[in-house]
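Colleague: The structure's right below; bear with me while I get my questions together.
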Amino acid sequence: MQHSLTPTLAASATGFAILKGMTQSTVHLAVCPHDCPDTCSMRVTVEGDRAVGLAGDADHPFTRGFLCHKVSRYLERVYHPGRLAHPLRRIGRKGAGEFERISWDEALDEIAHRFREIADGPAGPQAILPYSYCGTMGKIQSQSLDRRFFHRLGASKLDRTICATAGGAGYTYTIGARTGMAPEAFAESRLIINWGSNTAVTNSHLWVLMREAQKRGAMIVTIDPYRCRTAERSDWHIAPRVGTDAALALGLMHVIFRDGLEDRDYLERYSVGAGALRERVLSEYGVERVSTITGVEAGEIERLARQLAGTRASAIRINYGLQRHRGGGMAVRTIACLPAVTGAWREYAGGVLLSTSSMFPLNHQTLERPDLSSPGTRTVNMTQLAEALHGELPGPPVRALYVYNSNPAAVAPDQKRVLSGLARDDLFTVVHEQFATDTCDYADLVIPATTQLEHFDLHTAYGHHWIQVNHPCIAPLGEARSNTWVFRQLAARLGFDADVFQVSDEQLAREALWEGAEHVPEPLRGITLDRLSNEGPLRLNIAERYTPFVEGRFPTESGKCELYSERMAAEGFDPLPAYTPAAESPDGDPQLAGRFPLQLLSPPSPHFLNSTFVNVDSLRLSARRPELEIHPDDATPRGIRSGDSVTVFNERGSFVAVAVVGATVRPGVAVAPGVWWNKLAGDGANANATTSTRLTDMGGGATFFDNLVEIRRLFSPDSAAKTADSTQPIQQAPES
Ligand SMILES: Nc1nc2c(c(=O)[nH]1)N[C@H]1C(S)=C(S)[C@@H](COP(=O)(O)OP(=O)(O)OC[C@H]3O[C@@H](n4cnc5c(=O)[nH]c(N)nc54)[C@H](O)[C@@H]3O)O[C@H]1N2
Ligand SMILES: Nc1nc2c(c(=O)[nH]1)N[C@H]1C(S)=C(S)[C@@H](COP(=O)(O)OP(=O)(O)OC[C@H]3O[C@@H](n4cnc5c(=O)[nH]c(N)nc54)[C@H](O)[C@@H]3O)O[C@H]1N2
Ligand SMILES: [Mo]
């Protein structure tokens, strides 16, 4: 099946339609679907019915023709021998991963029948829980017919909190929306702070711009308890204690106000509460106290504060790693106050950036139809899947779980309890997947999903201002089908209104873009599906040099930057920025820290995208094996050397990793890069065996990095395999 070439390519189609022997080769534009701020434009070369080449699209002004290490291997994923090709029904026990092939009709009939039975039974439709996150970021395959379907069914709603809601909520209290300085502007900044952001790995196209600024003399600072790749390549690495960033930001403000370095004029005109903030930081966040809390030397705090206040074009990149702690929302809110205090918002290349996601005003009401859900339908927080599956949340027990675009058996916290919940015999679980993930092993029915090259989608971005359409360029492999295809089939079987459900993906995209609507939001005016299909990626209608808050006009209620927030006061929060320690930390819970003294961070490995790509052999070989980085001060007393197998544990569970001892982490901190598939890790568990379902202060977010553990040596390899470079698999300790 041949789909439209985009005119950028079609205009010079002769240049791209190359005759190789007898097979015609065509080049198609596509969009990287993965959960990453960069949303890259890609070119796929197709010969006959097969994609034979994939590369970055040099014409995309932001992603500029290069792809990350992982996605440049995307064809290995598409044509992976492990791709699920047919619907499957479980024949073994849950967790064993034993299945038999069935037809799509059998699978769809069974799902429709079970959903109907549960919905009509005593528990009602809220006993059905959809579970999805961002396996694809495409709007059509991730938040269109799926939402309509579960709303119409009356299923429980899912609050998608596993990644970004704490920071989103905190940022919004201060700034008003998830918008901020233009990513392109970082190239012109003079001082750049990566604050809890491993930009070189997780946002590589922004990193390139930071490097350009650095070449022009800018200084790059990274604030991270871990010497991640970004910290390694920065001019200055500040390593605070885990979860103490709000205190650090308040300490910087202390110095700035104390020394009269604030931009008084900006604060007076465009902020609310500068006086109250000033009073708080001067009285409560003196440099010595902040140094004690954060473990950052007083001199470093003074120096950074002076640099920040003395550099107008100073840019702060906050990413989501920072906010995976109990106080994560408040920490992001607090950091987001800084550019108003210094006046950096006056500059094109100054300010703060968390996300560009609220800059794309798609017609979500029409796309998702929340009105189809009955008022009062309960919402389940996805971070609390363990509680949901064990009947510990208000409302009916979960009797059916429909998983798509997510791998909760690997990515959700409190893994042991997630898995025991998934193992319940009275739970009916459907998993729609591209691969036999850990979650599939617990499914009653597994149905095969298409990849981005096989389905249609519409993409906004959370790290730039471009919108793009993805047309399929190859036919679905095997019997794989897209998410929307499945929901159309199920809706038809359940007798749902054809007008709402039997609409094409293209029509859904037109609705999302407000085509035919009377009023189209300004940023999207003139952006239509036809133009996207014909012209390739289009930029939102915003100023060329986007400077959102030069003259205030914050999208908050007051229209100003809210250093003091009435809304927070009304919602029961401290209305001013403040610091609270991580729940699982020496300050937050000294008793727990006595038993489990190490703060474990489990950020994504550069070789994976969350748990996606772990099964691509070349990438897994690059990541080698689950590792645990610890400081010599923590390793030595435990008799642990690099290369030893260690068990990492707390009261929730344990996992096995190979120790890498070095000064890449602060003493008292351990880092386990992930997110491994359990079944491809040493002992069938990854770091989420130890993480908790505790929620953040705001936004109901996950607290993956607020996690105390202890470590014990299991096994030292013999001298031949002792080097840190050893690629041998992890060895289980003999039972003692
Ligand atoms: N290669 C790759 N890219 C990705 C992803 C991936 O899995 N792989 N995932 C994507 C997704 S879903 C997301 S949400 C983003 C995440 O993007 P980032 O937020 O950049 O990613 P993380 O590595 O989770 O966290 C960044 C850093 O925060 C640090 N950190 C942890 N706790 C603290 C703290 O208390 N204070 C401070 N200052 N720093 C702290 C961690 O050590 C880590 O180095 O990346 C996206 N991009
Ligand atoms: N310990 C720890 N845990 C973490 C994190 C961490 O840093 N540390 N990071 C957290 C973060 S930031 C996030 S965002 C979450 C991510 O959690 P998830 O969104 O669950 O991300 P993935 O692990 O990438 O799994 C996505 C799955 O969707 C499937 N998929 C892809 N495209 C499609 C499609 O079109 N249709 C269907 N049906 N399936 C598809 C993929 O094959 C993949 O298995 O994990 C969180 N968990
Ligand atoms: Mo995420």
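The values are calculated or read from the model by the stated rules, or taken from the named source; none is laboratory data. All figures in this text were calculated on a predicted structure; none of them were measured in a lab. Don't worry about glycine lacking a Cβ; one is built from the backbone with ideal geometry, like all the others, and counts go over all protein chains shown. When the accessible area is computed, the model is the full protein with side chains, heavy atoms only, and any ligands, DNA or RNA have been set aside. Shrake-Rupley method; radii C 1.70, N 1.55, O 1.52, S 1.80 Å.
Colleague: From the set of residues in region 663-717 that are of a type in the set (Asp, Glu) and modelled with pLDDT of 95 or more, which is least open to solvent (accessible area, probe 1.4 Å)? Quick ask: steps written out before the conclusion?
Modeller: Here is the first cut: in region 663-717, the residues of a type in the set (Asp, Glu) are 683, 697, 706, 710.
Retained after the next criterion (residues that are modelled with pLDDT of 95 or more): 697, 706, 710.
On the way: Asp697: 48, Asp706: 1, Glu710: 39 Å².
Among them, the one singled out is Asp706.
Colleague: Separate question: State whether one or more residues within region 181-196 are without any contact (Cβ under 8 Å) to a residue 60 or more places away in the chain, under 27 Å from Arg233 (Cβ atoms) and open to solvent by 10 Å² or more (accessible area, probe 1.4 Å).
Modeller: Taking region 181-196 first, the residues without any contact (Cβ under 8 Å) to a residue 60 or more places away in the chain are none.
The answer is no; no qualifying residue exists.
Colleague: For region 43-54, check the following and say yes or no: at least one residue is assigned to a loop (DSSP other than H, G, I, E, B) and assigned by TED's automatic domain parsing to the domain that holds Ser406. Don't jump to the end; show me each part of the working.
Modeller: Here is the first cut: in region 43-54, the ones assigned to a loop (DSSP other than H, G, I, E, B) are 48-49.
When the remaining residues are screened for being assigned by TED's automatic domain parsing to the domain that holds Ser406, the result is none.
No, every residue in region 43-54 fails to be assigned to a loop (DSSP other than H, G, I, E, B) and assigned by TED's automatic domain parsing to the domain that holds Ser406.
Colleague: Looking for something crowded, with 18+ Cβ neighbours inside 10 Å, within 29 Å of Thr636 (Cβ to Cβ) and at pLDDT 95 or above - is there at least one such residue anywhere in region 574-581?
Modeller: yes
Colleague: Of the residues in region 645-666, how many are small (Gly, Ala, Ser) and assigned to a strand (DSSP E or B)?
Modeller: Keep residues of region 645-666 that are small (Gly, Ala, Ser), which gives 645, 653-654, 657, 659, 662-663.
From what is left, the residues that are assigned to a strand (DSSP E or B) are 645, 654, 657, 659.
So the count comes out to 4.
Colleague: Tell me whether region 535-544 contains one or more residues that are over 26 Å from the mean Cα position of the chain (by Cα), of a type in the set (Lys, Arg), open to solvent by 30 Å² or more (accessible area, probe 1.4 Å) and away from ligand 3 (no atom under 16 Å from the Cβ).
Modeller: The answer is no; no qualifying residue exists.
Colleague: Condition (residue is touching a residue at least 12 places away in the same chain (Cβ under 8 Å), closer than 30 Å to Asp497 by Cβ, of a type in the set (Lys, Arg) and open to solvent by less than 30 Å² (accessible area, probe 1.4 Å)) applied to region 151-160: is it met by at least one residue? Break it down stepwise before answering.
Modeller: The first filter runs over region 151-160 and keeps only residues touching a residue at least 12 places away in the same chain (Cβ under 8 Å), leaving 151-160.
Still in the running and closer than 30 Å to Asp497 by Cβ: 151-160.
From the residues that got through so far, the ones that are of a type in the set (Lys, Arg) too are 152, 157, 160.
Filter once more, keeping what is open to solvent by less than 30 Å² (accessible area, probe 1.4 Å): none.
No: zero hits.
Colleague: Separate question: Tell me which residues, restricted to region 63-81, are open to solvent by less than 30 Å² (accessible area, probe 1.4 Å), within 28 Å of Leu490 (Cβ to Cβ) and not hydrophobic (A, V, I, L, M, F, W, C).
Modeller: Answer for region 63-81, where residues must be open to solvent by less than 30 Å² (accessible area, probe 1.4 Å), within 28 Å of Leu490 (Cβ to Cβ) and not hydrophobic (A, V, I, L, M, F, W, C): just Arg77.
Colleague: Any idea which residue in region 196-222 is farthest from Leu248 (Cα to Cα), counting only those that are of a type outside the set (Val, Ile, Thr) and not in a helix (DSSP H, G or I)? Talk me through it step by step, then tell me what you get.
Modeller: Let us first name the residues in region 196-222 that are of a type outside the set (Val, Ile, Thr), namely 196-198, 200, 203-207, 209-219.
Going one step further and asking which of them are not in a helix (DSSP H, G or I), we end up with 196-198, 203, 216-219.
Working: Gly196: 12, Ser197: 16, Asn198: 18, Asn203: 24, Arg216: 28, Gly217: 25, Ala218: 22, Met219: 19 Å.
Among those that are of a type outside the set (Val, Ile, Thr) and not in a helix (DSSP H, G or I), it is Arg216.
Colleague: Could you please find all residues in region 198-212 being farther than 13 Å from Asp38 by Cβ and touching a Gly at 6+ places or on another chain (Cβ under 9 Å)? Step through it out loud before you land on a result.
Modeller: Step one: filter region 198-212 for residues farther than 13 Å from Asp38 by Cβ, giving 198, 210-212.
Within region 198-212, Asn198 is the sole residue that qualifies.
Colleague: Can you give me the number of residues within region 138-149 that are near ligand 2 (Cβ under 9 Å from one of its atoms) and touching a His at 6+ places or on another chain (Cβ under 8 Å)? Spell out how you get there, then give the answer.
Modeller: So in region 138-149, the residues near ligand 2 (Cβ under 9 Å from one of its atoms) come out as 138, 141-142.
From what is left, the residues that are touching a His at 6+ places or on another chain (Cβ under 8 Å) are 138, 141.
Of the residues in that region, 2 qualify.
Colleague: Another question, if that's okay. Kindly evaluate Leu354 against the criterion of being more than 28 Å from Phe705 (Cβ to Cβ) and among the hydrophobic types (A, V, I, L, M, F, W, C). Walk me through how you get there before you give the answer.
Modeller: On the way: more than 28 Å from Phe705 (Cβ to Cβ): no; among the hydrophobic types (A, V, I, L, M, F, W, C): yes.
Spelling it out, it is not the case that Leu354 is more than 28 Å from Phe705 (Cβ to Cβ) and among the hydrophobic types (A, V, I, L, M, F, W, C).
Colleague: Could you list, in sequence order, the residues of region 370-421 that are charged (D, E, K, R), under 26 Å from the mean Cα position of the chain (by Cα) and under 17 Å from Ala123 (Cα atoms)?
Modeller: Of everything in region 370-421, just one residue is charged (D, E, K, R), under 26 Å from the mean Cα position of the chain (by Cα) and under 17 Å from Ala123 (Cα atoms), namely Arg378.
Colleague: Considering only residues that are over 16 Å from Ala182 (Cα atoms), modelled with pLDDT of 95 or more and within 16 Å of ligand 3 (Cβ to nearest atom), look in region 322-360 and name the one that is most open to solvent (accessible area, probe 1.4 Å).
Modeller: Only one residue fits best here, namely Arg324.
Colleague: Any idea which residue in region 586-640 is farthest from ligand 3 (Cβ to nearest atom), counting only those that are surrounded by fewer than 17 Cβ atoms within 10 Å (Cβ to Cβ) and either small (Gly, Ala, Ser) or in a strand (DSSP E or B) (or both)?
Modeller: Of everything passing the filter in region 586-640, Gly639 is farthest from ligand 3 (Cβ to nearest atom).
Colleague: Moving on to the next point. For region 457-490, which residues satisfy the criterion of being open to solvent by less than 10 Å² (accessible area, probe 1.4 Å), assigned to a loop (DSSP other than H, G, I, E, B) and in contact with a His (Cβ under 7 Å, 6 or more places away or on another chain)?
Modeller: Selection gives Cys473 alone.
Colleague: For region 288-298, what are the residues that are assigned to a helix (DSSP H, G or I) and over 18 Å from Cys337 (Cα atoms)? Give the derivation first.
Modeller: At the first step, the residues of region 288-298 found to be assigned to a helix (DSSP H, G or I) are 288-294, 298.
Those that are assigned to a helix (DSSP H, G or I) and over 18 Å from Cys337 (Cα atoms): Glu288, Arg289, Ser291, Thr292, Ile293, Thr294, Ala298.
Colleague: Which residue out of Asp414, Asp441 is within 14 Å of ligand 2 (Cβ to nearest atom) and touching a Gly at 6+ places or on another chain (Cβ under 6 Å)? Full working, then the answer.
Modeller: Values: Asp414 fails: touching a Gly at 6+ places or on another chain (Cβ under 6 Å).
Residue meeting the stated conditions: Asp441.
Colleague: Tell me, please, whether a residue that is in a helix (DSSP H, G or I) and within 11 Å of ligand 1 (Cβ to nearest atom) can be found in region 232-239.
Modeller: Of region 232-239, the ones in a helix (DSSP H, G or I) are 232.
From what is left, the residues that are within 11 Å of ligand 1 (Cβ to nearest atom) are 232.
Looking for residues that are in a helix (DSSP H, G or I) and within 11 Å of ligand 1 (Cβ to nearest atom), one finds at least one in region 232-239, hence yes.
Colleague: Then there's this: Could we say that Val201 is within 16 Å of ligand 3 (Cβ to nearest atom) and open to solvent by 10 Å² or more (accessible area, probe 1.4 Å) here?
Modeller: Numbers: within 16 Å of ligand 3 (Cβ to nearest atom): yes; open to solvent by 10 Å² or more (accessible area, probe 1.4 Å): yes.
The answer is yes for Val201.
Colleague: Which one of Ala635, Ala593, Ala582, Ala569 is closer than 30 Å to Thr342 by Cα and away from ligand 2 (no atom under 16 Å from the Cβ)? Break it down stepwise before answering.
Modeller: Working: Ala635 fails: closer than 30 Å to Thr342 by Cα; Ala593 fails: closer than 30 Å to Thr342 by Cα; Ala582 fails: away from ligand 2 (no atom under 16 Å from the Cβ).
Just one listed residue meets the conditions, Ala569.
Colleague: Go through (1) open to solvent by 10 Å² or more (accessible area, probe 1.4 Å); (2) under 30 Å from Ala177 (Cβ atoms); (3) assigned to a loop (DSSP other than H, G, I, E, B); (4) in contact with a Ser or Thr (Cβ under 8 Å, 6 or more places away or on another chain) and name the single condition Gly395 misses.
Modeller: (2)
Colleague: Next question, about the same structure. If you go through region 542-565 one residue at a time, how many are in contact with an Asp or Glu (Cβ under 9 Å, 6 or more places away or on another chain) and either among the aliphatic types (A, V, I, L, M) or under 17 Å from Ala315 (Cα atoms) (or both)?
Modeller: Looking only at that region, the number is 5.
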